Each structure stands twice: as structure tokens, then as C-alpha cells.
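S.K.: Here it is, the structure, as C-alpha cells.
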Amino acid sequence: MASASVPTVNQAQDSSTVTELPWWKTDVVYQVYIRSFADGNGDGTGDIAGLRARLPYLRDLGVDAIWLNPWYESPLHDGGYDVADYRKIEPRYGTLEEAEALIVDAHTHGIKIITDLVPNHTSSKHAWFKEALASPIGSAARNRYHIRPGKGPDGSEPPTNWTSVFGGSAWDRLDDGEWFLHIFDHTQPDLNWENPEVVEEFKSIFRFWLDRGVDGFRVDVAHGLAKDMSYPDVEETGVLLANAKTTNHPFWDRDGVHPIIRGWRSVLDEYDDTMMVAEAWVAPDRLPLYVRPDEYHQSFNFDFLSAQWDADEMKHVLSRSIDAAKAVNAAPTWVLSNHDVVRHTTRYGLPKGTDWRSWLLDGPHDILDVDLGLARARAGVMMMLALPGGVYLYQGEELGLPEVWDLPLEVLDDPVWEQSGRTSKGRDGCRVPMPWSTSGPSFGFSDTAGWLPQPLEFGQLSAEAQQGVSSSTLELYRAALSIRKQLFVSDGDIEWLEAPAGVIGLRRGSGAECWVNVSGAPMPVDSERELLLCSGELDDGMLPVNTAVWLA
Ligand code: BGC
């Protein structure tokens, strides 16, 4: 482990601030990228059996729920976000019976299950798309997708200039000359959400999984379903999952998404205590629209994730997000890493202003300061866990895993690599299999090598290496999650505390405080207060830079 820091832990005694809010308003959700979490059958790919065996680890970590990336039948051209059958489990991950057993097991451990639903597009291997291809131009089967004639005298130009998020045109031509829309990979045709059959089918899919006991859904590309059916050209072309800046954009964040959401919400409301969270990359002033009382329960808030390690910027995005959620009586959500972005341990180790997506491929890689990144990541998560609202953790961040930026090009699997014309390395570097033990062919992930190679340092970062080591990132997370439950989950407003430049200070309803020295001078810690947890070591009673502390 690259950190010399020693967390100080005193268990909080007072549980009086634990409130009876709906679970999603306060819970810590752990994202499981199933393909890379744990392999139970020894084929090098993570699966349901592997996850079931590791449930006690997640219980002991102290998470309240798991969000599972798509586990449905899929050719895995886009890591399962290309769904061939929404009611079947991908055979490489297991069976429907195993999925049902996982839900039961998780509940036994007190862990809820959130599945990932992908309504914007299907796989090109989905029965509907196969039927569309086999059906004549203008048929009802084609009308489930956006399939259009091209432009130009012989229709050889795409219907619009829309570009795919992954690069290149968003249209591909069929053998009979028509074009189909794919905002993502060309194996992910976009569904036509103006078609009532599509609307009904997804309500039925929601019910299918609710009937099997899932507690919630993470809805993929929640801001992309409604398209401008007059198919105008667009000025602003796509950047990978960036917030759309154009108003009245023909496929991002159109008002037409909201009736669709309300339809789903009415289905969820038939079941007790269920929720759905939107993956909506939209402008901050538009986000509250997605969490109105009859829409999503939550929306991811990517502003915090996108913020630089800068006290003013962070405080600004934190307070803006909290206020925006409060305005519609929702709870904010927080996330620092997921399967689509460079891991924050690495982002925080890069100089301010580095475009981390292009840095992955183009470097220079010697500007990365690994120890700095880890120190900031540890402080950053303590800040995140002290905030009001729900928190999403991404598998492996509790081990301080870095981005594996040097994966050999020949192992890259993300469609972004090819579709961008090999100008963008893609997202494999944050999807490298989890290290569970210090040795073995894939550090305990599988009995064999994992589907992506792990760097050697993963052995020292493994769960086994960190377990019981008080200075480890794993033990920091465990302690933080336990204390958070006691002192940082009340519905109480947040009070921003007067702080020196470069420092963020906040107090929660319980009276507990969090101080993060982002870039200020070392500052004295109030010795009158009980020190609960520190992301590093205090230096003679002073909080050093890149360190966070919780005080009772
Ligand atoms: C998911 C990505 C996926 C894309 C297309 C997203 O936002 O998080 O991993 O590639 O949707 O489904």
C-alpha cells in the first residue's frame, strides 16, 4: 500500500440521529461490475456464484445495497449494456435461478439489490432487432427502432449528422439501404420510445424483476430516450457522456423523457419500498426535473465527480447540488468513481486541469503522483460520506485501486477504442478484475487469469493484504461506513463552517463535523472535540493538506 497514513478510529456511541428516512435517501450503494468482481466457476469472468460467495465481505464493509451492472443475456460488446434478452441472465454470469438466489442471499445479509436497466437501446442480437432486419421497410417491426431512409439522391448519406457518443456517425446502413440510429455502439440500436409497444414492454420488464424481489433500478442513459422525430441536424456533436449544452438538443434531455419516467414510476409504486435512480448527464439546473415526486427517486450527480481537487470548486458544486435536491424535496447523491470514468485515486493524482480521458492514451504518464492521488482519494471519500444524501461506491475504491492506464492495446475490449478510430482508450482501465488475495493467477479473482490482466501491485492492494491493517484504505472505509451510520445520515441540513482558504468544514445535524484540508496550510484541529476518524495522520495536532478528519 502506498499510504503511510494511520486512521484514528473511535467508535461513535450515539445512534440517536439514525432516522427513518426512505432507504435510498441515506444508503451507501456499492456498485458491482459483475464481470470483474469475483469468478465462481474458474473461467476468468466474474459471475453470480462469485458474487454470492463475497456477500459477507460486502456486509462486513457496511454497505446497504448493491447496484449490479447489467447481467442480462448479451454479446457483451459494450460490457452488457447491449441487452439481447432482458428476462434472461447472461450464461457467462449464471442462470435466472442463481440470480433469484442471489437476491434472497443479499436480503439475508441485509443488503438490497439494484439492477441496471437499459431502455435507450437493445443489442442488435435482440429478437426485436432481428425481426426488424427481416421485415420490410415501413413495417411495424422496424418502427420499434429509429430506422430511416438516408439523404442524398440515392440515400447514401446518413439521415442526420448525429454522432455516436463512442465516436463516428450515429447511423449505420442496412443491406436494403435504410439506416438505423445508434447513439452508442453500432451493436446498440436505439429504441423508438414513441412506439407504445416499447413503452409497454419496459413496464413488463420492470415488473418481471420487481416480482423477483429486486429493490431498485439504475436506469441507463435516462436523459436520452426521447428523440426529435423530425430528425434535424445538430450543431453540437457528441462527447463521451458529457452534459449536453445545447438547449432543445434532438436526443439529449428532451422534455419527452418525463412522461416515460412517470409511466415507470407508477409501476414501481405498486411495490413497497422500491426505487429507481437515473443516469442523467444533464445541466445542473435540469437535474431536479428528473427527481420530481412522480419521477425518479434519485439521480446521479456527476458534478462532484467532475470537480477538480479545489476547495472553492468542490464547495460550490456540493452546495449547489444540495440546494437543487432540497428544492424538489429529494436527497442528493454522491459518487466519485464508476465503470465509465478514470478511477478517482488516479484522477486526483494528476495535475489540475489534466483531461484524464485523453491522458489515458497520450500521457505523459510520469505526471501521475500515485501517493498524492491515494491521499486525496481517502480524504475525498470522507468528505463524500459526511454529506447528506445517498452515496455510490465503485468496487475496488475501498482498496484504493488505481486506474490501470497501461493496459496493452491488444487487450482492450471497450467499443470506444475501435469506434473512436483508436483515439480514445476507453474504460477498461477501471474495469480490471478485483484483487482478493496477495497471490494466485489473478490475485484470488479466479482460479485462472482474469479477462483483463491485473498489474502486479494489485497483490499488495488486495482485500487480503489490507484486511485488519489499521492504516489500510479498506479499514478506513469500514470505519467510515460504520461511523457514518451513526452520525452522518440524519436528514438534518448541512452547515458550512467558517474555514481558512483551501479548507472545507461542515457540520451535520448530529453535531459531527468533517474538515478537509484540500489545499490550505496545515490547520489546528479542535482539541476539545473527540476525534472520530482521520484519513491520514495529524501532524502535531494539525490537519495536513490532502487530509480529512471527522470530529464528534
Ligand atoms: C453506461 C455505459 C454504457 C452506455 C451505453 C452508459 O451510460 O454507464 O457503460 O456504455 O450507457 O449503454
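Only the coordinates and a few stated rules stand behind these numbers; no lab work does. Quick caveat, the model's predicted, so the values are computed rather than measured. When we count neighbours, we look across all protein chains shown, and the Cβ atoms used for this are built from the backbone with ideal geometry, even at glycine.
S.K.: Compactness ratio of the range 443-490: Cα Rg over 2.2 N^0.38 Å, N = residue count? Write down the numbers at each step before the final one.
M.R.: Values: Rg = 14.8 Å, N = 48, 2.2 N^0.38 = 9.6 Å.
Against the compact-globule rule of thumb, the ratio is 1.54.
S.K.: Would you please name the trypsin sites (Lys or Arg not before Pro) within the range 325-392 that are DSSP coil residues with at most 11 other C-beta atoms within 10 Å of their C-beta?
M.R.: LYS352
S.K.: Report, please, the projected area of the range 306-423 averaged over directions, based on the convex hull of its C-alpha atoms, in nm².
M.R.: One quarter of the hull surface, i.e. the mean projection, equals 8.4 nm².
S.K.: Return the percentage of antiparallel bridges among DSSP beta bridges fully within the chain, rounded to the nearest 5 %. Can you show the working numbers first?
M.R.: Numbers: 29 of 54 bridges.
Taking every DSSP beta bridge within the chain, about 55 percent pair in antiparallel fashion.
S.K.: I'd like to know how the range 505-552 sits against the 2.2 N^0.38 Å rule of thumb: what's its Cα Rg over that expected value? Spell out each step's value before the answer.
M.R.: Numbers: Rg = 9.9 Å, N = 48, 2.2 N^0.38 = 9.6 Å.
Ratio of Rg to 2.2 N^0.38 Å for the range 505-552: 1.03.
S.K.: So if the hydrodynamic radius of the chain is defined as the Kirkwood radius over C-alpha pairs, what does Stokes-Einstein give as its diffusion coefficient at 20 °C and 1.002 mPa s, in µm² per second? Walk me through the numbers before you get to the answer.
M.R.: Details: Rh = 24.1 Å.
So the translational diffusion coefficient is about 89 µm²/s.
S.K.: So which of LYS203/LYS485; LYS352/LYS485; LYS125/LYS151; LYS227/LYS352; LYS25/LYS315 end up more than 25 Å apart, counting from Cα to Cα?
M.R.: Over 25 Å Cα-Cα: LYS203/LYS485; LYS352/LYS485; LYS125/LYS151; LYS227/LYS352.
S.K.: Give the Rg (one decimal place) followed by the Dmax (whole number) of the range 355-498, computed from C-alpha coordinates and expressed in Å.
M.R.: 17.6, 54
S.K.: Right, another one. Could you pull out the trypsin sites (Lys or Arg not before Pro) across the range 396-459 that fall in loop regions by DSSP (anything but H, G, I, E, B) with no more than 15 other Cβ atoms inside 10 Å?
M.R.: Values: sites: ARG422, LYS425, ARG427, ARG431; in loops: ARG422, LYS425, ARG427, ARG431.
Of the trypsin sites (Lys or Arg not before Pro), the ones in loops of the range 396-459 whose Cβ has at most 15 other Cβ atoms within 10 Å are ARG422.
S.K.: Sticking with this structure for a sec: Could you give the size of the charge dipole of the chain about its Cα centre, using +1 on the Cβ of each K and R and -1 on the Cβ of each D and E, expressed in debye and rounded to the nearest 20?
M.R.: My answer is approximately 360 debye.
S.K.: Let me ask something else about it. Filter the GluC sites (Glu not before Pro) in the range 137-209 down to the DSSP loop ones having no more than 15 other Cβ atoms within 10 Å, then list what survives. Numbers along the way, then the final one.
M.R.: Numbers: sites: GLU178, GLU194, GLU197, GLU200, GLU201; in loops: GLU178, GLU194.
Filter output for the range 137-209: GLU194.
S.K.: Further question on the same structure: Show that you can apply the helix-only estimate: for the chain, add -39,500 (n - 2.57) for every DSSP H stretch of four or more residues, divide by all residues, and state [θ] at 222 nm to the nearest 500.
M.R.: Mean residue ellipticity, 222 nm, calculated: -7000 deg cm²/dmol.
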